[in-house]
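The values are calculated or read from the model by the stated rules, or taken from the named source; none is laboratory data. Here the structure is a predicted model, which is why all the values come from computation and not from measurement. Every residue, glycine among them, receives a Cβ derived from its backbone with ideal geometry; neighbour counts consider all protein chains shown. Calculation scope for accessible area: heavy atoms of the full protein, side chains included, ligands and nucleic acids excluded. Shrake-Rupley method; radii C 1.70, N 1.55, O 1.52, S 1.80 Å.
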Amino acid sequence: NGEDPPLFDREKAPLIEPRFGTKFWVEDLSKDLIQRWIDAAKPQLPSSELALDLPPKNPYIPLKFDLKPLPADDSEHPLLNCSVKVCISVGRKKSWFPAAITKYKTEKKSHRLSLSYEDEGEKWHVLDAPETYDKFAGERETLEVGHEGSFDGGKIKFRVTAVPREGEGIVFNYGDSGHDDDVEDGAAFPPIPPAAPASRLPLLVHDEKSFKLWHLQDRKFKRPLADLRIRFLCEGMNDSALNQACMALFCKLCNDALAETCYLASVCELGSSLYPTDSGFSMRVHGFDHNLLDLAREVLRVVMGFRGREGECDLPKTIKDGRFDACLEVQLRQWSNAGMDASAFSATLRLLCIRPSVMSKFAKLKALEGITVSKFVQVMNKLLKRLSVEAFYHGNVNRKDADEAANIITEALTRHHVGLPKKKLPTKLVLKAKHAIDHHLIVAPTIDPKDPNTAVEVYFQFGKDDNSSDAIRQRVLIDLLEQILHEPLYNQIRTKETFGYEVSCGARWTYGVSGMSFRVVTACKSAEEASTRIDDFLKSFRSEFDSMDDETFMEHLVGLAKNKLENFDSLEEETGSHWSEITEGRYDFEAYRKEVLMMRTVSKKQLIDVYDEWLHPFCENGKPKKRRKMVLHIIGSGDGPASLGRPAIEDEKAVGDQIDHLLHQFHASVKKESWGRIAFGRGNAV
């Protein structure tokens, strides 16, 4: 009860747990206290003095599940997004042309539909007998393939050839079963849906004082759900490991302060998260749209409670006593346990090499050694002083809801908000791997001293991707190389030769710089053997391109095109795709469609040319060729060849210093030469 003294005397110096530095106290338990615990554990009726009551009402329980109406100039109709064939007079003949119905509106009592044709042309038509479609508006009947109707007073007849499934947008189909079979067999290119109208893509609805908000009302999944994502860019994030470490601790403290609120929201299917990024921090609130903005307001209240506190040396009142040390301990432990997997650490180390503004976990751990509350507050005051904010609100939310979200964010920022000029934004520069015959070799031990596995990653850097037509072609060719190489690489090195249990390759896109990596994780081969085997594979596979017939090449093209044209499986997945375009600053919300359009112009010769330029280890005359290549060896401590070349380490705690030294060496070797700031175009690829 409240009269009992504290069990632990916090005035005494704590003991320190050796591995993670956890503070703890030890006290003897009195016999009287133990007996009282035993007595309290016995079944008994509650005291008459105990006040029992129902818990308070959860403020996040959703009560409204209706779908918000769509704008009048682009509303819902059963034919919307369907693929049709229309009969149009061409001279004296009538011909059938494929088209997709992209928009619907009512105008002067007429029902008008916009049709987009294969040649990208668009035209509005008046729907005849619109009342016949009322039966399809509910769930009484479903519009099916084969439905027929007419436009413009019977002048144009149409037949439905494809109806969108749940989650699909605009569908496009030639209405030719023979062509559909050819597409399925990989012998014909799949039909490409027309470009989505501007109203179906994220729209910038707020842009002032370094705050932008994008909005998109859902039309595909038709659920009472929404997703709000906000990114905060902070001045000075690139300056030091201390700044980046304090930002991670800041997010940990805010999440801790919001634990009770987030629990109440989570039982109502409302989720939230707050996490650090390379350039600041981001937050997300998602779930039922009703009350979602109330949760966002509360998260912002806690987050913004750290702003405008110049001269203060203590934490805001939203952070409870004792939580700073607890959150600091959790953060340090999280970094101490990170990177234990050799495969994942190879990718992390590659990114740390080419992204000099991102600090390693080892540097962050050092930066937080002995940090005090006053020092932490001082750093956060500086980081949060000037912000650039960008947000995206997507789902069952209309323009009015988007304006409300903008107001909530603005109100949270306004009191102390000072915008961050574009020139002061944290940089995302990517270093150039040297273009040479010899390559960069980074050799590091596994962080886990008992890990028997060795991971080898061979990374090739190709060039800038500014979303121009040439860049889109480059991107498509890289994806096509991955499509063709992935299975043979795995079959040869993993299945037939059992070089390692993990063998893979994949395209890499790092802040506007394109590349490709090959990875082998093994416990039976040395790192040198694995990296040499990758180059041998690239050399031997060159002949496969020469012998590849047109039919096989077409199958690869069609397979890649179909993958790129696949629909999103959920609102979350679609939001994530659009959000990545916003955070990367590319804003090309139909990039995949443009890539498929570009694929129609790609030839086998173009693919062979870039393979020879980027990946093949030798020139035509047999001499070694210059490539932008990095090789990373993460060497484990297992028995046999896999541990050959592992750097000697006298003290496990020195691993971090050694890896940071490797990073400094790499940055110095390339003289910190970067690809520069990359300005993205809108990619007009046809």
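At-a-glance table
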read-out: Hey, Leu607 crowded, with 17+ Cβ neighbours inside 10 Å and more than 30 Å from Ala198 (Cα to Cα) or not; value: yes
read-out: Gln378 being in a helix (DSSP H, G or I), open to solvent by 20 Å² or more (accessible area, probe 1.4 Å), more than 30 Å from Ala265 (Cα to Cα) and not basic (Lys, Arg); value: yes
read-out: Search result, residues across segment 606-646 that are of a type outside the set (A, V, I, L, M), in a loop (DSSP other than H, G, I, E, B) and within 16 Å of Asn453 (Cβ to Cβ); value: Gly636, Ser637, Gly638, Asp639, Gly640, Gly645, Arg646
read-out: Unmet requirement for Ile88, which otherwise passes all of (1) hydrophobic (A, V, I, L, M, F, W, C); (2) within 42 Å of the chain's Cα centre (by Cα); (3) surrounded by 14 or more Cβ atoms within 10 Å (Cβ to Cβ); value: (2)
read-out: Matching residues in segment 483-496 - criterion: being buried (at least 18 other Cβ atoms within 10 Å of the Cβ) and within 13 Å of Met516 (Cβ to Cβ); value: Ile484, Leu485, Leu489
read-out: Unmet criterion (only one of (1) hydroxyl-bearing (Ser, Thr, Tyr); (2) open to solvent by less than 50 Å² (accessible area, probe 1.4 Å); (3) closer than 30 Å to Phe232 by Cα) for Thr454; value: (3)
read-out: Among the candidates Ala507, Ala527, Ala523, residue that is touching a Pro at 6+ places or on another chain (Cβ under 6 Å), touching a residue at least 12 places away in the same chain (Cβ under 8 Å) and not polar (S, T, N, Q); value: Ala523
read-out: Boolean, Asp401 is open to solvent by 10 Å² or more (accessible area, probe 1.4 Å) and either in contact with a Lys or Arg (Cβ under 7 Å, 6 or more places away or on another chain) or in contact (Cβ under 8 Å) with a residue 12 or more places away in the chain (or both); value: yes
read-out: Residue list for segment 194-209, restricted to those being out of contact with any Pro (no Cβ under 8 Å at 6 or more places or on another chain), touching a residue at least 12 places away in the same chain (Cβ under 8 Å) and among the small types (Gly, Ala, Ser); value: Ala195, Ala196
read-out: Count - residues of segment 126-151 that are touching a Leu at 6+ places or on another chain (Cβ under 9 Å) and closer than 22 Å to Lys93 by Cβ; value: 3
read-out: Subset of segment 522-550 (residues that are within 30 Å of Asp639 (Cα to Cα) and open to solvent by less than 20 Å² (accessible area, probe 1.4 Å)); value: Thr522, Ser526, Ala527, Ala530, Ser531, Ile534, Phe537, Leu538
read-out: Selection within segment 207-228 - open to solvent by less than 30 Å² (accessible area, probe 1.4 Å) and in a strand (DSSP E or B); value: Phe211, Leu213, Trp214, His215, Leu216, Gln217, Ala226, Asp227, Leu228
read-out: Among the residues listed as Cys251, Cys246, the single one being in contact with a Phe, Trp or Tyr (Cβ under 7 Å, 6 or more places away or on another chain), open to solvent by less than 20 Å² (accessible area, probe 1.4 Å), without any contact (Cβ under 8 Å) to a residue 40 or more places away in the chain and not in a loop (DSSP other than H, G, I, E, B); value: Cys251
read-out: Unique residue being closer than 24 Å to Glu584 by Cα and in contact with a helix residue (DSSP H, G or I) (Cβ under 6 Å, 6 or more places away or on another chain) when the list is Leu420, Leu425, Leu431; value: Leu431
